[in-house]
Every structure is written in C-alpha cells, then in structure tokens.
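The values are calculated or read from the model by the stated rules, or taken from the named source; none is laboratory data. Keep in mind it's a predicted model, so treat the numbers as computed, not measured. Methodologically, a virtual Cβ is constructed for each residue, glycine included, from the backbone with ideal geometry; neighbour enumeration extends over all protein chains shown. Accessible surface is based on the protein model in full, side chains and every heavy atom, while ligands, DNA and RNA are left aside. Shrake-Rupley method; radii C 1.70, N 1.55, O 1.52, S 1.80 Å.
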Amino acid sequence: MQEAFSDETLMNFALGVPLQRIKWPKLEALGIEVIVRRDDLVHTRLSGNKFYKLFYNLQKAVGKTLLSFGGAYSNHIHALAAAGNEYGFNTVGIIRGERPKQLSPTLVDALAWGMRLHFVSRKVYQQKESIAFINQLYDQFGDIYIVPEGGANLLGVKGCQAIVKATESRESFDAICLACGTGSTLAGVASALNPDKKAYGISVLKGYDCLSDDVASFMRRVLISQGREDFVAEKLKLKHKGTEEGCVGIGKQSSPEYQNWEVVSRFHGGGYAKLSDELLTFINRFESHASFVIEPVYTAKLFWAIETMACEGLWSRGTRLVAVHSGGLQGRRGFTMKQLSV
Ligand SMILES: *Cc1c(COP(=O)(O)O)cnc(C)c1O
C-alpha cells in the first residue's frame, strides 16, 4: 500500500501532466509565451493541486480514517472522498453549515464515494481547530488522521514541490503563476523553484493580508524539515540555525531577500467565490480561444491576472510563463447555467 504513495509514483503522475501552449491573442501580441500545466488532468479522480497536497498525507494515513473540513463545494473535500474511494480509506467530511435539503453536487459525489458527512453550524466550524473539538472528533470517529482544511499542512506543501520538479525537467521558463487560497501550493512551488525563476501567486481572497506571511512560514518549515537550516538562517540573516519549532519563534515577518515569489492580491474580483460581471466576461472570452475550461473561484482569476499584468508591461517580450491549471472544475457546478455555459 505504501508504494502507492512513493516519491516515484508522485513524480510519475506529475510528469504525465500535459504542458500545453495556448492560443491567447493578447499575450501573443506582446510576445509572451504561456505554457499551461494541465494539473486538472493529473489524476482521473483527484483533480488539481488537491492531489499533490493529499499525496504524502495519504502515505502517512494508511490504515486510518481520513477526516477533513470544508464547505459544500469544496474541491478539497471532493478530492479527499475520491482518494478514500480510490485507495481504500474510510473518510469523514466535517461540512460547514447545517445539512441542506438538497445536497450540492460535490457532496452527492462525496457520499457516493463513501464519505461520512458530518454537518456543523458555522459557529462550531470556526472552532474546528480547538483542542476540545478535535478531542471530540477522536471520541466520535476513532482512529482518524486529520488533514487540515484545504490540505494545507507541511506534507501538503511538500507534495506541491513535484509541480515544479516535473516542469523544470521538461521545459525552460522564466516564471510560474498559480492561484492561491491558503498559499500552501505556492509555498511548495516556490521552495522547489530554481532561484533564477519567479513564482506569482494570485490570491482569490479579499482583504486577507497575511497570505505572504503564511507562505513564508510554510516555506521556512519545509526547507528546515529538508535539512536546509543553514540556507534559511542565511537568507533570514539569523544568528542561529532555525529549527522547525524555532520557525514559529522566528516570527512571521516576511523577508524580501528570501523571495523568489510574490503574492498578488488585486485580482480577487470581489472576494472568494464571487463572480463579478468583469470576471464572467473574461471567462467567456478566454474560453472562446482556449482548448480547456476554467472556473470562477480560482483559475479564472489566475488567467485574468496573467492577462492584465502582461498588458501592464510586467514581463518583457520573449518571456515564457507557466500557468498552473490547478483544477477545481467540479466546483463549477455551483454556478448556475445562466452565468456560465457548462
Ligand atoms: C484549493 C485550490 C487552490 C488554492 O490552493 P492553496 O494551496 O490553498 O493556495 C487553487 N486552485 C484550485 C482549483 C483549488 O481547488
């Protein structure tokens, strides 16, 4: 069972992802080449970055019940349920909000794949990381392995390093762009990226100012866990070696000299899961020339940001960008047909 989750298996999945050049008139006119990493196709059932974030968590959870948290349209919950069904784990989803009369398509899939759904009020959901609530989960569900919301933990970050490794071995490029929620995918990508390249994370959240700090903190932890304390200490100008625990002590302040990455916060389009007219117009135009579909919560904001920043002159002629299509298409079912042609 453990071989199912070896480094080699992960790399084989990552290497199997198509790298596609797309037709994009505005970018072509600027002389900027875009290669799309179709991570929406990385696995037949666990789509996108959630596959990478779960991979090493699954390795560690063998023999246990997987438990995690999310909303009714969560890509992470969907991927976790699929992973349970595919690899033989029992799964429990703690779902935000009271059970609705009609389940979302996401939760219908999750149930069909054997996930136990446990609905909690928004108020209880906010307390989901409290010791009291976690202890209660152990009492109720037994031998569980808890994956944080969105798969955002150290093992999740490490899994996302494969996205970069499997791209650098096949293509040369100058920068890599991806959509950010928790920033754990960006941390994995940036920590594995050759320092002469840059990673851009497009935040989909409105008014969340700590994303850069979260990314920096994840990156330090992952580098330290890989025995690169000296590197971290040097970059942060520490007088002592960092330790993984010490990382918390280092504080969350960002360190510019450490950054081959950047969080871009002005393309939230009104906020999480909001579909503004401007974004909708962009999606329809983009999909008319692209050979794949995108969704409003994450990937539409990514491509919208790339186009806008390119038009603003951020990248010079001849730049080669990689755009990570991080999946999430199952969540598109949460938007009505009138808004989007499905
Ligand atoms: C969850 C998700 C993201 C955000 O990933 P983070 O690691 O939380 O930043 C991006 N794109 C899609 C499609 C997602 O489902």
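The table that follows gives values for the structure above.
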quantity: Per-residue HN-Hα couplings for region 7-13 [Karplus 6.51, -1.76, 1.60; θ = phi - 60°; Hz; x = Gly/Pro]; calculated: 4, 5, 4, 4, 5, 5, 4
quantity: Normalised alpha carbon radius of gyration of region 65-142 [divisor 2.2 N^0.38 Å]; calculated: 1.04
quantity: Summed residue charge, Cβ within 15 Å of Ala29's Cβ, Lys/Arg positive, Asp/Glu negative; calculated: 0
quantity: Subset of Lys128/Lys274; Lys60/Lys237; Lys158/Lys197 violating a 22 Å alpha-carbon distance limit; calculated: Lys128/Lys274; Lys60/Lys237
quantity: Inter-label distance for Ala29 and Ser316, nm, one decimal - labels placed 7 Å from Cα along Cα-to-Cβ; calculated: 2.3
quantity: Calculated FRET value between Gln140 and Gln102, using beta carbons and R₀ = 30 Å, to 0.05; calculated: 0.70
quantity: Integer Hz, Karplus 6.51/-1.76/1.60 couplings in order for region 130-144, x for Gly and Pro; calculated: 6, 4, 4, 5, 4, 4, 4, 5, 4, 4, 7, 10, x, 7, 9
quantity: Rounded percent of accessible protein surface that carbon and sulfur make up, region 65-142, 1.4 Å probe; calculated: 47
quantity: Cα centroid separation - region 146-160 against region 307-329, whole Å; calculated: 26
quantity: 10 Å Cβ shell holding at most 15 others, DSSP loop, GluC sites (Glu not before Pro): longest site-free stretch of the chain; calculated: 1-97
quantity: Linear extension gain, Lys237 paired with Leu205, 0.36 nm per residue minus alpha-carbon span; calculated: 8.4 nm
quantity: Under-5 Å amide H pairs with Tyr272, H placed in peptide plane, nonlocal only; calculated: Lys206
quantity: For Cys180, residues with placed amide H under 5 Å, excluding near neighbours; calculated: Ile202, Ser203, Val204
quantity: Selection from Leu137, Thr281, Gly188, by position along the positive dipole direction of the chain (Cβ); calculated: Thr281
quantity: At 0.890 mPa s and 25 °C, Stokes D of region 131-195 from Kirkwood alpha-carbon radius, µm² per second; calculated: 178
quantity: Cα gyration tensor, the chain - rounded (a/c under 1.5), prolate or oblate; calculated: oblate
quantity: Highest-fluctuation residue, Ile131, Ile144, Ile35 considered, GNM on the chain with Cα pairs under 10 Å; calculated: Ile131
quantity: Interchain or long-range residues, amide H under 5 Å from Tyr145's placed H; calculated: Thr65, Leu66, Leu67
quantity: Theoretical gain in end-to-end length, Leu41 to Ser225 [0.36 nm per residue, Cα-Cα removed]; calculated: 63.3 nm
quantity: Mean ellipticity per residue at 222 nm, deg cm²/dmol - from DSSP H runs of n ≥ 4 across the chain, formula -39500 (n - 2.57); calculated: -12000 deg cm²/dmol
quantity: Karplus-derived HN-Hα couplings along region 264-276 (A = 6.51, B = -1.76, C = 1.60, θ = phi - 60°), whole Hz, x at Gly and Pro; calculated: 10, 10, 9, 10, 6, x, x, x, 4, 6, 8, 10, 6
quantity: Unit charges on C-beta of K, R, D, E only; dipole of region 65-142, Debye; calculated: 300
quantity: Within the chain, percent of DSSP bridges classed antiparallel, to nearest 5; calculated: 10
quantity: Inter-label distance, nm, simple model (7 Å from Cα along the C-beta direction), Phe292/Phe133; calculated: 3.4
quantity: GNM result for the chain, Cα springs below 10 Å: residue of Ile22, Ile77, Ile294 fluctuating most strongly; calculated: Ile22
quantity: Sparse-neighbour loop sites [trypsin sites (Lys or Arg not before Pro); region 53-135; at most 11 other C-beta within 10 Å; DSSP]; calculated: Lys101
quantity: Residue among Thr91, Thr65, Thr182 with the largest mean-square fluctuation in a Gaussian network model of the chain, springs linking Cα atoms under 10 Å; calculated: Thr65
